[in-house]
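Every number in this text was worked out from the coordinates using simple rules, so none of it is lab data. Nothing here was measured: the structure is a model prediction, and the numbers come from that model. Methodologically, a virtual Cβ is constructed for each residue, glycine included, from the backbone with ideal geometry; neighbour enumeration extends over all protein chains shown.
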Number of protein chains: 4
Amino acid sequence: MASQLGIGLIGAGRIGRVHAENLAYRIPQARLLAVADVYAEAAHKLAHDLGIPAAYPDHRRILEDPAIQAVVVCSSTDTHAQMVEEAARAGKHIFCEKPIALDLARIDRALAAVDQAGVKLQVGFQRRFDPSFQRAHEAIRAGQIGVPHILRITSRDPQPPPIEYVRVCGGIFMDMTIHDFDMARFLMGDEVDEVYAACGVLIDPAIGEAGDVDTAVVTLQFANGGLGAIDNSRRAAYGYDQRVEVFGSQGMVTVSNNAPNAAVISDAGGIHAPLPLHFFIERYAEAYVAEMRAFVECVLHDTPPPVTGHDGRVPVVMGYAAKLSLEEHRPVRLSEIE
Amino acid sequence: MASQLGIGLIGAGRIGRVHAENLAYRIPQARLLAVADVYAEAAHKLAHDLGIPAAYPDHRRILEDPAIQAVVVCSSTDTHAQMVEEAARAGKHIFCEKPIALDLARIDRALAAVDQAGVKLQVGFQRRFDPSFQRAHEAIRAGQIGVPHILRITSRDPQPPPIEYVRVCGGIFMDMTIHDFDMARFLMGDEVDEVYAACGVLIDPAIGEAGDVDTAVVTLQFANGGLGAIDNSRRAAYGYDQRVEVFGSQGMVTVSNNAPNAAVISDAGGIHAPLPLHFFIERYAEAYVAEMRAFVECVLHDTPPPVTGHDGRVPVVMGYAAKLSLEEHRPVRLSEIE
Amino acid sequence: MASQLGIGLIGAGRIGRVHAENLAYRIPQARLLAVADVYAEAAHKLAHDLGIPAAYPDHRRILEDPAIQAVVVCSSTDTHAQMVEEAARAGKHIFCEKPIALDLARIDRALAAVDQAGVKLQVGFQRRFDPSFQRAHEAIRAGQIGVPHILRITSRDPQPPPIEYVRVCGGIFMDMTIHDFDMARFLMGDEVDEVYAACGVLIDPAIGEAGDVDTAVVTLQFANGGLGAIDNSRRAAYGYDQRVEVFGSQGMVTVSNNAPNAAVISDAGGIHAPLPLHFFIERYAEAYVAEMRAFVECVLHDTPPPVTGHDGRVPVVMGYAAKLSLEEHRPVRLSEIE
Amino acid sequence: MASQLGIGLIGAGRIGRVHAENLAYRIPQARLLAVADVYAEAAHKLAHDLGIPAAYPDHRRILEDPAIQAVVVCSSTDTHAQMVEEAARAGKHIFCEKPIALDLARIDRALAAVDQAGVKLQVGFQRRFDPSFQRAHEAIRAGQIGVPHILRITSRDPQPPPIEYVRVCGGIFMDMTIHDFDMARFLMGDEVDEVYAACGVLIDPAIGEAGDVDTAVVTLQFANGGLGAIDNSRRAAYGYDQRVEVFGSQGMVTVSNNAPNAAVISDAGGIHAPLPLHFFIERYAEAYVAEMRAFVECVLHDTPPPVTGHDGRVPVVMGYAAKLSLEEHRPVRLSEIE
């Protein structure tokens, strides 16, 4: 076992910087050796800020570096699958942001390349590493609530993304609900058989004009009989709302939002608690560290990655099923999608 | 305006006793003059316990009494419509437990009789009078959360009813979800267009054998575009679970469960709060008083009843739609039911 | 055992009306037969409103009535001891509002009269009957928190009483803290040895001019070594604040405030919960019923009253000790007071 | 302004490691250049683990290094004042763990040396940097609760320190309450005039035999009339308990404990929330980062340190006052101590 893992980062955007900072400052076992971005300036700036030894405009420089054993793929979504394939062929272990691709055949090709190369691939569903969702997961696994019967996920963003992004992100199910689809599988410990989506454009007509919806209630039917309801909104006035509840034969586990502090003010107008942490960067700050630490450890200790390529693929299937459900206004089985 | 309202009670069962006690001890403007029950003994016992002047095996004795201006119908569900019609013809104002009937034509005949007689009819959806749901309703009406987008109702019983009851109650949607259907209309201030039901028999196979389900997730589509998700279970290990959330363009109102006390114990094993109030009799104790007080007042002051015959009818339509959705495995519009 | 207890009410003021309504509407075993008040009109109005058969300006009419076995003393504080003595001599069981008297010798004479007559006396410390404080008491008694080490009581009023009342009420310790002194004994299951009071006039200088304080922190030293801290304010902007915490060797029990409803609103400005129930009439509504029911039952079943004359006397001693502590700026032992 | 601050760490024990890790991984503006510890091995191990360039057994090597502009003093308490003096004379800015010394004259000498050298000194009261206490502080400063009237601090440890430590730590007031004394000044924005301490040995007789107490309730009288009550216990069965409340003329701010996650489990036995974060290292993890970041920034930006030498001195005076109060069983003014 090597004491430190040499890592190259591909993509120096917002989430790339989060991972880079965590690798640089929070994970002593990792050594971030290079960053690549097609915008050379972004790569250089990040390298300079964090003291990363090398910065390239071409990710292939990273793939060629023998000191680098693993890559973290944070480039734009449409390049993920390509990067995964190239990295696999170069024999690098891979952490890839979600989704691997929006096209299932494309995902399958990438997963085949990973299989063939025998490298590790971890997909970036960071919410699984949130301490509260972890605790819920453990409690369920330990049987503390008995057999899971009903799952409820509330997942609402503080504000919608720019319309240009809405147009290319693959729709709310691929961009936003995909995390809830992953959470559903993670918590229920079961696969989803069928999906039904009820939706609306209630926040911004421009989102509808872009061919998407901004509000959704998605019903899930699990293989073992459990049921689920996810609700999504692109804009919650009070901020980022990330709650989960699993109800089972012996009890229930509930995860509420996290606040930036525990100071509550009582005055003549009421009792006022702070709003939740602003958005995913803040809410999942610790989760991002934990997922990257888990990736580094699974490579160093040669253990299976905690979130696999298969885990990255299934929520995309669920997204297609939800989309079809919305289009055809009927429940859709996942088996219809393949 | 009369200072006191003479009232006769039809049906001396469990809920009849709740109303009788409230009328006798909690509502000074009411004067409970007689109780009728086909089981004469039950009527006599209740009359004796509460000092009600008269007890009859035949409800017609109540309808003939000129000192009685209003009746409270708590007899078995299959007699409700009949009682409403007879009482209307006798010129009595009527408080009727839900549902008026399971058959829509039967409901319509009863409502027509009420209309013709020009008497008041209030239907027993007591949850509307719960202080927390009232407060939520007011906040929504006052625009505090903006336009309602997403409704969430969790409604779970502490244990399933006896199988004999399951067989005759009309199914989970008519017996249990019907209250949530009413709450949905009450809080959203909007009508439901379409229903989709996903269900399971997860608690007791005997419920399935009786032709019913014990676990359900029901999606609602409202006329103005709002969405709703109701989840039901016939058995929550931790007791009666009655929560509601309405999310709107400007905010959210959330109603959590009520506990019998506010004492929390912290020890080496965790921080332990009390379970919710046991079941509907306890949780809605104040709501039962408030709904009866509202009925008495609407008669005495000649104002419209706060829960009308129409309010009693719509949730039955929703129940049929949910049933059809379950049978045909597709979303069902309420307009298909009529 | 008689099935119903004949009761006479002495004093038709605010708290008298609370007890009268509870006796009339909430406690079937009680029969409120007469009310007396030196203001004859007040007595008549209350009798009329609640259907009480008799109303007198002279309480002796009640004491002479053989159908009346028990009296409820709600007259002005300075007459309590006199009423207790007369009622005892008349052989009536007695419920007396706190305090029995502000003068210890006067209390002792009244308690001696009760003893001699062999009647029951219950003192009106209603907080003991609050469901949350009851639960805390039971948990402590059952050993759930081990040996009590630290007691914390927060007790703050929504607004100060009128200055005329401040002048005659005996001071904050006798008027307000006296309830907390009782709660301290009730929860800790121990007697207080010593008191230290730190005070201020922070709300209204007129209270200081009237010879009283409006803010206090009182330290208690219990016989078994436990410690306590009570804090009082005559004006909490957010309303009536009544919290208690007992910390012990094995854990802690905490009682928070009660809200009128469980509806919480989240908006861009924060998460807003409702203020506590307004004042003692609302907060202790159920406790007033429960204490009166307990009184009626202890008479009917011939069991000891749950709050004795001794329980009524000790908090007055504690009040004197606190007063002396404030005057002499030092800790004062209760044994110095007798 | 230099872009990075060269720092030397004196003392490689538990808290030294916390600061070292924060400086190494969390504060990019800091550059930890050397560590010194009389146990050379401890210094070397820490240097190796974190990649610190130099490790010495003698702190003077740090003081002589011109690349080091600031030192962090984490050596044993009895050496703090000496280190502060030497560092000041060497022209280094100083972060010093609390307390500077237990002897007031010793503190004064150290502060004089700091003054004379014109270096900055920040004392390690990390709780001021906790996000919740920060928020409370800001709310109070902004007038959101009006004029502060009553302060309540609950501060309880999960378990007592070893008896050997109890013997040398200066007693509960110097070791534990000192943090609460600092918090009292920080939140109330006022100085304490007088202290009264009521104490007990309720947890472990060995603590009493060592001349200390393990349970305390300390009353504070502030210069502007405000009152405070601190309660301490050396052992809370449910873990580290760190709560604060400030009640003012217009409202109240309350800080509750922090839990490691937000997962709550409801089952037939109750509703179970997680225990608080274990102890100060976990609870104040972010506060330790924030205080060190504040120190680095105050040096780099040449602004006043947020916690001054005076802030380090006053709580020691309060500790002596509390000790004297306990010994003489009376309230003690701070002016008696000097």
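To make sure I understand the rule: partners must be lysines, Cα under 20 Å from the Cα of A:Lys323, and not fewer than 8 residues away in the same chain. Which ones qualify?
The reachable lysines, counting only those whose Cα sits under 20 Å from A:Lys323, are A:Lys98.
At a threshold of 8 angstrom on Cα-Cα distance, excluding pairs fewer than six apart, so keeping six or more, what relative contact order does the range C:168-294 reach in percent?
Across the range C:168-294, relative contact order equals 15 percent.
Can you give me the C-alpha center-to-center distance between the range C:82-137 and the range B:13-40, rounded to a whole angstrom?
36 Å
Quick one: C:Ser233, D:Ser335, fewest Cβ neighbours within 10 Å first, how do they rank?
By the 10 Å Cβ count, ascending: D:Ser335, C:Ser233.
Sort all Cα-Cα distances of the range B:5-119 into consecutive 5 angstrom bins from zero, then give the percent of pairs in each bin up to the one containing the longest distance.
2, 14, 25, 25, 19, 10, 4, 1
So what's the convex hull volume per residue for the Cα atoms of the range C:56-170, in Å³?
Numbers: hull volume 20.5 nm³, N = 115.
Convex hull of Cα atoms, per residue: 178 Å³.
Find how many whole Å separate the alpha carbon centroid of the range B:142-182 from the alpha carbon centroid of the range A:280-338.
The range A:280-338 and the range B:142-182 have Cα centres spaced 33 Å from each other.
When B:Met318, B:Met176 are ordered from fewest to most other Cβ atoms inside 10 Å of their Cβ, what list results? Numbers along the way, then the final one.
On the way: B:Met318 27, B:Met176 24.
Listing B:Met318, B:Met176 from fewest to most nearby Cβ atoms yields B:Met176, B:Met318.
Can you compute the radius of gyration and Dmax for the range A:104-219, using only the Cα atoms, both in Å?
17.0, 47
Determine the distance separating the Cα centre of the range B:231-259 from the Cα centre of the range A:203-262; give it in Å without decimals.
Computed from Cα coordinates, the inter-centre distance equals 14 Å.
Over chain D, one equal point on each Cα, no solvent: what is log10 I(q)/I(0) by the Debye formula at q = 0.15 Å⁻¹?
Result of the Debye calculation: -1.33.
Pop a pseudo-label 7 angstrom from the Cα along the beta-carbon direction at both B:Gln159 and D:Arg167 and give the gap in nm to one decimal.
Reported label-point gap for B:Gln159 and D:Arg167 is 6.1 nm.
When the gyration tensor of the range C:188-338 is built from Cα positions, what are the square roots of 5 times its three eigenvalues, in whole Å, from largest to smallest?
Semi-axes, largest first: 29, 26, 17 Å.
Tell me the distances, shortest first, between A:Asp302 and the same position across the other copies, using label points 7 Å along Cα→Cβ, in nm to one decimal.
5.8, 8.7, 9.2
Just counting partner chain Cβ atoms within 10 Å, what average do the residues of peptide A:148-156 show around their Cβ?
4
For each of B:Thr177, C:Thr154, D:Thr254, count neighbouring Cβ atoms within 10 Å of the residue's Cβ, then give the residues from fewest to most.
D:Thr254, C:Thr154, B:Thr177
Under a crude label model (7 Å from the Cα following the beta-carbon direction), how far is A:Thr79 from A:Thr308 in nanometres?
2.9 nm
Counting residues in the protein assembly as shown as N, plug N into 2.2 N^0.38 Å and put the Cα Rg over that result.
In units of the globular-protein estimate, the protein assembly as shown measures up at 1.04.
Which of the DSSP-defined H helices in chain B satisfy a minimum axial length of 18 Å, computed from C-alpha atoms, and a minimum mean Kyte-Doolittle hydropathy of 0.5?
B:285-300
When each copy gets a label point 7 Å from Cα toward the beta-carbon at A:Arg330, what are the spacings between them in nm, shortest first?
Taking the point 7 Å beyond Cα along Cα→Cβ, the inter-copy spacings are 0.6, 9.2, 9.2 nm.
Calculate, for C:Ser3 and C:Phe279, the FRET efficiency according to 1/(1 + (r/R0)^6) with r their C-beta to C-beta distance and R0 35 Å; round to the nearest 0.05.
0.50
Which percentage, to the nearest 5, of the DSSP beta bridges contained in chain A is antiparallel? Show your work: numbers first, answer last.
Working: 33 of 60 bridges.
Given both bridge residues lie in chain A, the antiparallel proportion sits at roughly 55 percent.
Positive end of the charge dipole of chain D (Lys, Arg +1 and Asp, Glu -1 on Cβ, about the Cα centre): tell me which of D:Ala47, D:Ala216, D:Cys74 has its Cα farthest that way.
D:Ala47
What nm value, rounded to one decimal, do you get for the distance between A:Arg333 and B:His301 when each label is placed 7 Å out toward the C-beta?
5.8 nm
Please find the FRET efficiency linking D:Glu41 to A:Glu286, where r is the Cβ-Cβ separation and R0 is fixed at 30 Å, and quote it to the nearest 0.05. Before the final figure, lay out the partial values.
Details: r = 33 Å, r/R0 = 1.09.
E(calc), rounded to 0.05, equals 0.40.
Got the relative contact order for chain D handy, in percent, Cα pairs under 8 Å and 6 or more residues apart? Present the calculation step by step, with values, prior to reporting the outcome.
Details: 700 pairs, mean separation 63.2, N = 338.
Here the relative contact order equals 19 percent.
Taking the Cα centre of chain D as origin and charging only Cβ (+1 Lys, Arg; -1 Asp, Glu), how large is the dipole, in debye to the nearest 20?
620 debye
Suppose you put the label 7 Å out from Cα in the Cβ direction; list, shortest first and in nm with one decimal, how far A:Asp115 is from each other copy's label.
6.7, 7.7, 9.3
Can you name the chain B residue with its Cβ nearest the rotation axis from B to D, and give the distance in Å as a whole number?
Residue and rounded Å distance to the axis: B:His272, 3.
Can you tell me what share of the DSSP beta bridges in the protein assembly as shown is antiparallel? A percent to the nearest 5 is fine.
60 percent
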